[in-house]
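S.K.: What follows is a structure written as structure tokens; I'll ask about it next.
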Amino acid sequence: MEGGGSGRRVVAVGAGLAGLGAARRLCGHGSLLLLEAAGRVGGRVCTRPFASGLAEMGAHWIHGPSPGNPVFQLATGYSLLGPEAAREENQQVEVGGHPFLPSVTYGSSGKALSPTAVSEARHLFDTLLESARTFQGTKELPAPSVGQYLRGEIAQRVPALGEGREDARRLQLAVLAACLKLECCISGTHSMDLVALEPFGEYVSLPGLDCTFPGGASSCSGYSSLPDCMLSALPEGTVLLNKAVRTIQWKGSFREEGDEARNFPVRVECEDGDAFLADHVIVTVPLGFLKEHHQDFFQPPLPQRKVEAIRRLGFGTNNKIFLEFEKPFWDPQQQLLEVVWEDESPLEEPRTDLEANWFKKLIGFVVLQPPEQHGHVLCGFIAGKESEYMETLSDEEVLGTMTRLLRMLTGNPHLPAPRSVLRSRWHSAPYTRGSYSYVAVGSSGDDIDALAQPLPEDPEDPRPLQLLFAGEATHRTFYSTTHGALLSGWREAERLNQFFQAPSPAPRL
Ligand code: 6YU
């Protein structure tokens, strides 16, 4: 086994936060190249101009902006955040991933629902969700999935709460059904019945009041300003854009023309035919891409344990629909417009006709703040198969459906249509194939660790660390977040840096 970094060639695949983070930490140790399929860096951090400001197509918030969050620290270091985010009090708030925003809840009958009835049902849901996080290490589980567990508890508790008043009970169930849809967005899944109960509590929420990046239409704003700054900190020529990798051959012996003395174990071939030889490759492509392509992407194929982890872990879709209005129809203090379908219940089978019902999965809208920066813009969230169906529709169809929905919810048949629409389509994105990972029924945190495990597996292999794996889906406690992605990139860079610094052992005879 050889140590010593000089002359080592490292290729990283994917310039999201994991790839950029790894590249930054590796700078100065041998040669480094970062190959990115898209024409921009940032991956699932993607800010676009919209209305009079910006729209975050991917990551929206820094979850838990506090000293323990590296994305918060880095963004603060680059002076990318507003004064609110930096306030000490905000960094200490514990919201457990569910920040409170002043809200109104629209019912499908066209009236705002009673805030007391809504908050009672939400309180019950929050209590049950908290208890769903307590099963780590438990052998005898009450249910395999978070969804089944929650529905079992709801079935037991709601009749008692309704006290015989059927309307109140129906409303409570309808609000609980809406809470489950919100959880689908947070976990990036079609149904909470797909999310494993036992490891659910392993995900860690950091303290701090979730914050956004200032969204004015200036050149340095929005979440993308972070990967843009990270790119600027790299030596010129490190990142090659529009360089999609087709295959990674490893365990090989590749020589470069004119340099017969040196051989490399890994060869990275791009879709445009270019090829790069390397000692080490850090793979940061999303789990959705790996699920679809791992068989052909790696030659020889990955070991069975890794393949099983890729297959078992979950990777679902959460999309956003931005609507711009000439004038707001909501009160200025409202920051969240929630939707409750009053005829729904978590205890009944969900509707399966996507064409007729897809929009009922939408959880509601966040009002982009402040309006002076963004204009009057709502951002809707929708997860699961309904979200994937939405991706197949035209902008006109989505805008038409959203107009009808908002007219129904507000009880105002003359509500002006939005001026424009913009939505994300993460499931159709060929180099992502979904939004983020979750621990699915049948998988566990051990699968996340198996996904993160470098290859070859044999610690005695004379050419170790040929393939290293980073990306949000490889972080056991912060999966699905930007800070998880960044930390995973740093982790793999550190692994290589330590290897490079290790003294070369005496050659084996
Ligand atoms: C967060 C948030 N957030 C909303 C939506 C999405 C995500 N996240 P990347 O994909 O970035 O990079 C890989 C690159 O590889 C990419 O550029 C590809 O083009 C490239 N590539 C692929 N194939 C290639 C090839 N063949 N050759 C070359 N290049 C190739 N996170 O912190 N706050 O508000 C949200 C949200 C709609 C889609 C989010 C959020 C997730 C993050 O965006 C994501 O994790 C990271 O950006 C990924 O970085 P990366 O480098 O790994 O991959 C209990 C429990 C619950 C668990 N969940 C709770 C947390 C909830 C998560 N929050 C989500 C909410 C929103 C709204």
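S.K.: Return yes when Val239 is surrounded by 20 or more Cβ atoms within 10 Å (Cβ to Cβ) and over 30 Å from Arg122 (Cβ atoms) and no when it is not.
M.R.: When the stated conditions are applied, Val239 passes them.
S.K.: Could you please find all residues in segment 56-75 being within 13 Å of Gln91 (Cα to Cα) and near the ligand (Cβ under 6 Å from one of its atoms)?
M.R.: His63
S.K.: Please give the number of the condition Val71 fails out of (1) farther than 20 Å from Pro235 by Cα; (2) part of a helix (DSSP H, G or I); (3) open to solvent by 50 Å² or more (accessible area, probe 1.4 Å); (4) touching a residue at least 24 places away in the same chain (Cβ under 8 Å).
M.R.: Of the numbered conditions (1) farther than 20 Å from Pro235 by Cα; (2) part of a helix (DSSP H, G or I); (3) open to solvent by 50 Å² or more (accessible area, probe 1.4 Å); (4) touching a residue at least 24 places away in the same chain (Cβ under 8 Å), the odd one out for Val71 is (3).
S.K.: Which residue, of Gly137, Gly147, is on the phi > 0 side of the Ramachandran plot and open to solvent by less than 80 Å² (accessible area, probe 1.4 Å)?
M.R.: Of Gly137, Gly147, the one residue that is on the phi > 0 side of the Ramachandran plot and open to solvent by less than 80 Å² (accessible area, probe 1.4 Å) is Gly137.
S.K.: Any chance segment 50-62 includes a residue that's within 26 Å of Thr247 (Cα to Cα) and either within 19 Å of the chain's Cα centre (by Cα) or open to solvent by 20 Å² or more (accessible area, probe 1.4 Å) (or both)?
M.R.: no
S.K.: Same structure again: Looking only at segment 141-169, which residues are of a type outside the set (A, V, I, L, M) and at pLDDT 95 or above?
M.R.: Scanning segment 141-169 gives Pro142, Pro144, Ser145, Gly147, Gln148, Tyr149, Arg151, Gly152, Glu153.
S.K.: While we're looking at this one, here's another question. Take the residues in segment 193-248 that are among the aromatic types (Phe, Trp, Tyr) and part of a loop (DSSP other than H, G, I, E, B), then tell me which one is farthest from Asp447 (Cα to Cα).
M.R.: Looking at the filtered set, the residue picked out is Phe213.
S.K.: Does His294 qualify as being of a type outside the set (Ser, Thr, Tyr) and either at pLDDT below 95 or open to solvent by 50 Å² or more (accessible area, probe 1.4 Å) (or both)?
M.R.: Against the criterion (of a type outside the set (Ser, Thr, Tyr) and either at pLDDT below 95 or open to solvent by 50 Å² or more (accessible area, probe 1.4 Å) (or both)), His294 does not qualify.
S.K.: Those residues that are open to solvent by less than 40 Å² (accessible area, probe 1.4 Å) and either among the hydrophobic types (A, V, I, L, M, F, W, C) or at pLDDT below 95 (or both), I need them from segment 324-335; list them, please.
M.R.: Answer for segment 324-335, where residues must be open to solvent by less than 40 Å² (accessible area, probe 1.4 Å) and either among the hydrophobic types (A, V, I, L, M, F, W, C) or at pLDDT below 95 (or both): Phe325, Trp330, Gln334.
S.K.: Go through (1) among the aromatic types (Phe, Trp, Tyr); (2) more than 10 Å from the ligand (Cβ to nearest atom); (3) under 26 Å from the mean Cα position of the chain (by Cα) and name the single condition Trp330 misses.
M.R.: Looking at each condition in turn, Trp330 falls short on (3).
S.K.: Before we move on, is Ala37 within 8 Å of the ligand (Cβ to nearest atom) and either closer than 14 Å to Leu231 by Cβ or modelled with pLDDT of 95 or more (or both)?
M.R.: Yes; evaluated as a whole, the condition is true for this residue.
S.K.: Among the residues of segment 428-467, which ones are near the ligand (Cβ under 10 Å from one of its atoms) and closer than 30 Å to Val339 by Cβ?
M.R.: Ala429, Thr432, Arg433, Gly434, Ser435, Tyr436, Ser437, Tyr438, Val439
S.K.: Which strands (runs of 3 or more DSSP E) does segment 340-426 wholly contain that include 1 or more residues that are under 23 Å from Trp61 (Cα atoms), open to solvent by less than 20 Å² (accessible area, probe 1.4 Å) and at pLDDT below 95?
M.R.: So the answer is none; nothing clears 1.
S.K.: Of the residues that sit in segment 238-282 and are of a type in the set (Lys, Arg) and more than 12 Å from the ligand (Cβ to nearest atom), which one is nearest to Pro430 (Cα to Cα)?
M.R.: Arg267
S.K.: I've got another one for you. All but one of (1) assigned to a loop (DSSP other than H, G, I, E, B); (2) open to solvent by less than 30 Å² (accessible area, probe 1.4 Å) hold for Ile321; state the number of the condition that does not hold.
M.R.: (1)
The values are calculated or read from the model by the stated rules, or taken from the named source; none is laboratory data. Small disclaimer: the values here were computed from a predicted structure and weren't measured. As a convention, Cβ positions derive from the backbone with ideal geometry for all residues, glycine included, and neighbour counts pool all protein chains shown. To get the accessible areas, we keep the full protein, side chains included, count just its heavy atoms, and leave off ligands, DNA and RNA. Shrake-Rupley method; radii C 1.70, N 1.55, O 1.52, S 1.80 Å.
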